[in-house]
1. Stick to the Cα atoms of the stretch A:174-332, pair each with every other, and give me the Kirkwood hydrodynamic radius in Å at one decimal.
2. Mind checking the dipole of the stretch C:110-180: about its Cα centre, +1 per Lys or Arg Cβ, -1 per Asp or Glu Cβ, Debye to the nearest 20?
3. Taking a cut-off of 12 Å between Cα atoms, list the aspartates and glutamates near C:LYS274, but don't count ones fewer than 8 places away on the same chain.
4. Size of the dipole of the protein assembly as shown about the Cα centre, Lys and Arg at +1 and Asp and Glu at -1 on the beta carbon, nothing else charged, in debye to 20?
5. Restricting to chain C, what percent of DSSP beta bridges are antiparallel, rounded to 5?
6. Across the Cα atoms of the stretch C:235-334, what radius of gyration and what greatest pairwise Cα-Cα distance (Dmax) are found, in Å?
7. For the protein assembly as shown, what ratio Rg/Rh do Cα atoms give with a Kirkwood hydrodynamic radius?
8. Residues of chain A: accessible area per residue at 1.4 Å, in Å²?
Amino acid sequence: MTSAMHRPQDGTLLELRDVRTHFSTARGIVRAVDGVSFTLERGKALGIVGESGSGKTILARSIMGLLPKRGTIRQGEVLYAGDDLAKLDLKGMRKFWGQEMSMIFQDPMTSLNPLMKIGNQIGEPLRVHLGMDKENARATALKLLQDVKIPEPEKRLDQYPHELSGGMRQRAMIAIALACGPTLLFADEPTTALDVTVQAQILDLIQEQRRDRNMSVILVTHDLGVVAGHTDEIAVMYAGTLAEKATTAELFANMKHPYTEALLRSIPKLDQPSHTRLMAIGGRPPDLITPPTGCRFAPRCPYATEKCRTEIPVLESISAEHSFACWNPVGSSHWQSKQDELASNAGLASAGGQA
Amino acid sequence: MTDIVLDTPSKPAKPSPLTRLIGRVPPIRKWKWGFVLSVAYLVVLTFFAVFANVLPFIRRYNELPKGAAARKLASYRGKPSGSYWFGNDKLGRDTFARSVYAAQKTLTIGLASIVAALVIGGLLGMLAGYYRGWYDRVLSVIFDVLLAFPAIVLALIVVGRFFQSGRLNLGLFQMDKRFFGVIVVLTLLSVAPLARIVRAQTLALSQREYVLAARGLGASSWRILIREILPNLLPAMFSVAFTGLAVLLVAEGGLAFLGFSVQLPFPTWGFMINEARPDIVKGGGWAVFFPCILLFLTVLAFNVIGDRVARRFDIREATL
Amino acid sequence: MAGTGKAHLHGEGQALLSVEDLLVEFPVGRTGLKVNAVTGISFDVLPGETLGLVGESGCGKSTTGKAIMQLPRPNGGSIRFEGQELTSLAGEGMRMLRTNIQMIFQDPISSLNPRRKVTNIVMEPLNIWGIGTPEERLKKVNEVLEAVGIDPDRAASSKPYQFSGGQCQRISIARALVLDPKMIICDEPVSALDVSVQAQVLNLLEDLKAKFGLTLVFIAHDLAVVKNISDRVAVMYLGKMCEVARSDDLYARPAHPYTQVLLNSIPVPDPTVKITGNQRVQGEIPSPVMPPSGCRFRTRCPIAQDRCAAEEPELQALGNDQYVACHFPLRSAN
Ligand SMILES: Nc1ncnc2c1ncn2[C@@H]1O[C@H](COP(=O)(O)OP(=O)(O)OP(=O)(O)O)[C@@H](O)[C@H]1O
Ligand SMILES: Nc1ncnc2c1ncn2[C@@H]1O[C@H](COP(=O)(O)OP(=O)(O)O)[C@@H](O)[C@H]1O
Ligand code: SF4
Ligand code: SF4
Ligand SMILES: [Mg+2]
Ligand SMILES: [Mg+2]
């Protein structure tokens, strides 16, 4: 919070240039992240969305430099306020962790130390990084617990993680992540382990803290509903690559990539009548050792053509705030004819069903 | 009417039963040499132990050099040499023959105790963890008492009181009483810790949803214990057994040290070390050194293998 | 929330399952205190219907589901299945129940024994009951596996960890189907799955329901998911029933303040919809060891009055099959 004062308030914070993270395993090379580029402005929230195994976590960790050492092959540049983080070793990265960037994990129980009081866990980074004394650290920890709106914060300082509910644990986790006033906060599925009411509270809390502290946030999730109300920009990932990237408003208003469309359609919505059939995406994301040639989504894409199976679509910008990688985007003539075909098939099917 | 997808592309080849047991044998450059050497060592040791009674050069384990003069000359004289590979002991006996013969006794004691402890401790632990309630409470008290009981006192009572000497007639088996007594002591010592581990594991496993699911299907308690819980306990039990075996071998040495282990004419490593220990300065060094080395290597080998077995059985339950 | 009351129950003979005044308590260590996990709820399920059960984590949804299965037997109340009282069943009668009602659990991976082959896991119910010859059992298992979209050959040679989360949930469903049950209780079957797999499993459940004529109790914390699959929805809070209604009505005209805030918590995949924090439920759910007096929701209710602390509301009919337990419902009877 102290350093936030003399930080520039806007401008580019993070720029990724063709980032690739591969793992060499017994079965072959896993291309977990395969050529991702984007930029993130200060104070903005970016959502990274995709199915399980699409490389969201590995992308976030590639930026943070929190990758396993053995068998990891990295390429590309991660420019953070001008420094290339990809070139730094563990020692170099340590300067950034906690103070410049910090992370909230999916499961607050496994990422909190079960044997340490909450107050000490929040105080520790303050003492290590900011050199605070014990009383100061405790007072700041209390202030942080108030910021994250834990009920009865004084009591919580001296409690252990198992004494807190799931939602409170996630709040404590956020307090720890915020302790040293980071410029960039990663939240990797921060609410997947929580139920909807707590999820809504936690997402609101992250957004509020971002505004108060002018932080940038990268929010990783599989649920487009979660990012819709809580981000400025969205990057949709599929099989280690970017399928589509746009500002949140633009993406939902003018979605172009069939995968984004499919993700959205698979969510049950409150305004649909009950028993509305969901448009599930058949199958699973591909094996990242031998990803499909051409467009990686082609085996599951209802609009795939021969071209899709042979030529890799490149990420193209249709405006400053919107780019996607697809040969037959939503709204194109091929997409339209396929839609009509699907609609008439569905009509036939339901007519047959009634007979 | 459905859009169910068969998302099961590749079918794994069916492994042979042997492969399933030991896992795929990797190419030589990927061998874990510690493990390979440990197995090789134990195979050789077991071979000698099993055939100790018939191998000609081992049978002289208890032979004294002929004549009093020769005996006096031979005592602690022989450094390792062509005819006495490990040298001689105080009485001039062949330390190599004795060490190998001791391997038989030591391993038998260790294995018998650990198997007995596995069966008894495993069963009690499983029942305590599964049924809980008064049963668990009674057993916990017994285990606490057993754990708090000093090993020496236990040995004193069991060996000193019940199995002092003589032979035990168990119908088919005939056994030296003292030998049996040592097994009883070591078993008693390892039942409590084993049962505790098994109890804790069973407690955790019986909260798993697949156990609940089986109960919901109407499976009987025995069926649940044997089909659902036991297979998931075995890996932990095996790895504890291997490490426990190593501990027991050392414990036997300790008992021997205090004179509570087997007696002449059956040597164990612990007994041999104990016997020659006072004479280290008088030239008994070799007679202490070799059993020590064998004990050390055996304990190490069991630990290495136990570690490997634990990892082999470690199923990743979550792959999401 | 509130309340007790049985105004919403259908007549005897109509319902496949009817639960009345269900009471489940757990002792808290040896303190003499108890967790009031479920305190006197009543509901019923019509044949062929899907009843959704929603509420925050810890409100007693799973406990209710397990109580129906008699796992463990509830501390009080009555549960009737096809007119037969389950809470007093033993021996042969319990056997019947075990084949008629099945349950699917939340965590797809931990509900399958990691050390058994998938085919064996699905066959286990048939083995337990000694149904059919080994060949007939295998045939039945393969049929069910096909029905849920799992390749039987792969199932024969693989263990659960070799399958993805969604596939494991299909395997759980297959195991539940193999005894041809009349009713399946699904305890948060999609909460651990990501959205695309969740859609696959929801569609699968709808198909199987039609194909096998099943009756479902579908437990979840996400109202959008529950609405999609259910005919009627029951909203629970802290061991009590708040509101029961047809799912479309519940969404269009929620009557209980808790239903309203639950609806506001659902993430809407549309950035133009703005719901502010204070329209959502605030704070933490109180401890079920010492629940609030009167209406249990009063500590978090935006419109609570003095009467709410003093008097427990009862379920009252609003007409059109909608029932609410609140002294000041958001809409009045129609
Ligand atoms: N250390 C590793 N070695 C080999 N492969 C790995 C490693 N870590 C991750 N992967 C693989 O990289 C791919 C992307 O993983 P990642 O964790 O980023 O997925 P994700 O999008 O975050 O999924 P989820 O929604 O399940 O968290 C997966 O196929 C995964 O199996
Ligand atoms: N075996 C148990 N022992 C003690 N308390 C329990 C037990 N099972 C559930 N509870 C408590 O009962 C309440 C309801 O739990 P549960 O039915 O699992 O909630 P839900 O499924 O709605 O999340 C919770 O407070 C929970 O902690
Ligand atoms: S490029 Fe082709 S296969 Fe890929 S998403 Fe677009 S239409 Fe589908
Ligand atoms: S208004 Fe009163 S009775 Fe109704 S939900 Fe709120 S607190 Fe309960
Ligand atoms: Mg992830
Ligand atoms: Mg539950």
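1. Details: mean 1/r = 0.0574 Å⁻¹.
Value: 17.4 Å, from the Cα pair sum.
2. Details: 10 positive and 8 negative charges, 68 e Å.
Roughly 320 debye, rounded to the nearest 20.
3. Straight-line reach from C:LYS274, under 12 Å: A:ASP204.
4. Numbers: 110 positive and 92 negative charges, 1122 e Å.
The dipole magnitude comes to about 5380 debye.
5. On the way: 28 of 47 bridges.
Taking every DSSP beta bridge with both residues in chain C, the antiparallel ones total about 60 percent.
6. Rg and Dmax of the stretch C:235-334, Cα atoms, are 13.9, 42 Å.
7. On the way: Rg = 34.0 Å, Rh = 32.9 Å.
Taking Rh as the inverse mean 1/r over Cα pairs, Rg/Rh reads 1.03.
8. Ligands and nucleic acids excluded, the figure is 43 Å² per residue.
The values are calculated or read from the model by the stated rules, or taken from the named source; none is laboratory data. As the structure is a computational prediction, the values presented were derived from the model and not from experiment. A quick note on method: Cβ atoms are made from the backbone with ideal geometry, for glycine too, and the neighbour counts reach across all protein chains shown. Heads up: the accessible areas ignore ligands, DNA and RNA and are worked out on the full protein's heavy atoms, side chains in. Shrake-Rupley method; radii C 1.70, N 1.55, O 1.52, S 1.80 Å.
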